[in-house]
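Any read-out appearing in this document is the output of simple, stated calculations on the displayed coordinates, not a laboratory observation. Computed from a predicted structure; not experimentally measured. Note: ideal-geometry Cβ built from the backbone for every residue, glycine included; neighbour counts use all protein chains shown.
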Amino acid sequence: MPIVAGVDSCPAGWLAVVVTFFEEVIQEEFHLLGRFQELFQLGVPVSYVAVDIPVGLLDQVTEGGRQCDRLARKLLGRPRSSSIFSPPARQALGCRSFDEARRHGLNRQSFGILDKVRELDDIMTGDLQTRIREAHPEVCFFAMAGLSSARSGKKKTEGRQERVALLQGHFFQVAEGLARFPASKAAPDDILDAYACAWTAMRLFRGEAACLPEEPPLDSRGLHMGIWY
């Protein structure tokens with residue numbers, strides 16, 4: 001049976017929801033990883049991974065970010081478009097302080113994930129990207145809801161309930177997953193986002209997933225710059 005994973009960054013490092021499925025979900029496992037590569041040391045043959053961290057970067061700062069970032073904002077519309085922020089350009093990956101990063105055009109959000117972007121960029125290759133694809137949870141939820149944006153933010157009670165209701169149509173351990181880890185290791189929105197990425201990973205295996213843009217361009221390292229959902 002196929003096995004896929006949805007991965008999101010979290011305070012403990014990375015949270016992976018590993019899903020075994022056939023026509024429907026058979027089993028869900030939760031893993032906290034210190035490093036992304038530990039996912040492939042679990043002894044589980046994962047076919048596809050959808051991860052909520054930028055994969056494929058511009059070399060220079062560009063207003064609005066990559067084409068996929070701009071398309072995702074347009075797709076979601078306001079106010080959910082604010083959840084799509086421009087990732088660091090590759091020239092900024094060596095920054096070690098926010099003052100230095102700010103000189104490379106990074107805001108607080110981009111600087112907050114800089115270590116994770118650097119970690120993934122260090123290991124990513126074109127061959128590996130056939131299995132590991134970038135996803136964005138809000139775009140995943142948009143598709144899951146029948147091309148409709150969430151009404152409330154995910155940190156609000158209403159927004160969390162809205163996303164849980166969407167996920168429960170596909171997964172059966174959402175409530176258990178939300179209660180599994182303390183927020184100091186993986187916050188509830190990290191868990192919901194990992195589930196949303198797992199949904200996209202299932203769609204990737206089934207050949208149902210779409211990409212923004214439809215034909216993603218390559219960066220200078222030969223990595224595709226696209227958001228899958």
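Using just the alpha carbons, could you tell me how many Å³ per residue the convex hull of region 130-185 encloses?
Hull volume normalised by residue count: 123 Å³.
For SER47 and SER148, calculate 0.36 nm times their separation in residues minus their Cα-Cα distance, and state this gained length in nm to one decimal.
Here the segment from SER47 to SER148 would lengthen by 33.5 nm.
Could you tell me the extents of region 1-117's C-alpha atoms along the three principal axes, largest first, rounded to whole Å?
On the principal axes, region 1-117 reaches 47, 32, 22 Å in Cα extent.
Farthest toward the dipole's positive end in region 9-111, which of TYR48, THR62, THR20, given Cβ charges of +1 (Lys, Arg) and -1 (Asp, Glu) about the Cα centre?
With unit charges placed on the Cβ atoms, the residue in question is THR62.
Of all DSSP beta bridges in the chain, what percent run antiparallel (nearest 5)?
70
Just order 182-188, 81-87 by mean Cβ neighbour count inside 10 Å, highest at the front, would you?
Packing proxy ranking, top to bottom: 81-87, 182-188.
I need the phi-derived Karplus couplings for region 29-35: 6.51 cos²θ - 1.76 cosθ + 1.60, θ = phi - 60°, integer Hz, Gly and Pro marked x.
Couplings: 10, 10, 9, 8, 10, x, 10 Hz.
Check ILE227: other-chain or 5+ apart residues with amide H under 5 Å from its amide H, H built from backbone geometry?
Amide H to amide H, under 5 Å and 5 or more residues apart or across chains, ILE227 pairs with LEU212.
Taking region 64-112, which trypsin sites (Lys or Arg not before Pro) meet the DSSP loop condition and have no more than 13 other C-beta atoms within 10 Å?
Sites meeting the loop and neighbour criteria: ARG96.
Counting Lys and Arg as +1 and Asp and Glu as -1, each charge on the Cβ, what is the dipole of region 71-139 about the Cα centre in debye, to the nearest 20?
In debye, rounded to 20, region 71-139 gives about 380.
Once amide H atoms are placed 1.01 Å from N in the peptide plane, what residues at a sequence separation of 5 or more from ILE26, or on another chain, have their amide H within under 5 Å of its amide H?
Under 5 Å from the amide H of ILE26 lie the amide H atoms of THR20, PHE21, each far enough along the sequence or on another chain.
If the cut-off is a Cα-Cα distance under 19 Å, which aspartates and glutamates reach LYS154, setting aside same-chain residues fewer than 8 apart in sequence?
The reachable aspartates and glutamates, counting only those whose Cα sits under 19 Å from LYS154, are ASP8, ASP52, GLU138, GLU162, GLU176, ASP189, ASP190, ASP193.
Read phi for every residue in region 210-223 and hand back ³J(HN,Hα) as whole Hz from Karplus 6.51 cos²θ - 1.76 cosθ + 1.60, θ = phi - 60°, with x for Gly and Pro.
10, 9, 10, x, 4, 10, x, x, 9, 8, 5, 9, x, 9
Please work out, to two decimal places, the log10 of the ratio I(q)/I(0) at q = 0.09 Å⁻¹ from a Debye calculation in which every Cα of the chain carries one identical scatterer.
Per q value, in the given order, log10 I(q)/I(0) is -0.33.
From zero up to wherever the largest Cα-Cα distance of region 7-68 sits, split into 10 Å bins and tell me the percent of pairs in each.
Bins of 10 Å from zero give 18, 41, 26, 13, 2 percent of pairs.
Tell me the mean residue ellipticity at 222 nm calculated for the chain from its helices only (DSSP H runs of n ≥ 4, each -39500 (n - 2.57), averaged over every residue, nearest 500).
Dividing the helical sum by the residues of the chain leaves -9500 deg cm²/dmol.
Using Cα centres only, tell me the gap between region 147-187 and region 67-142 in whole Å.
22
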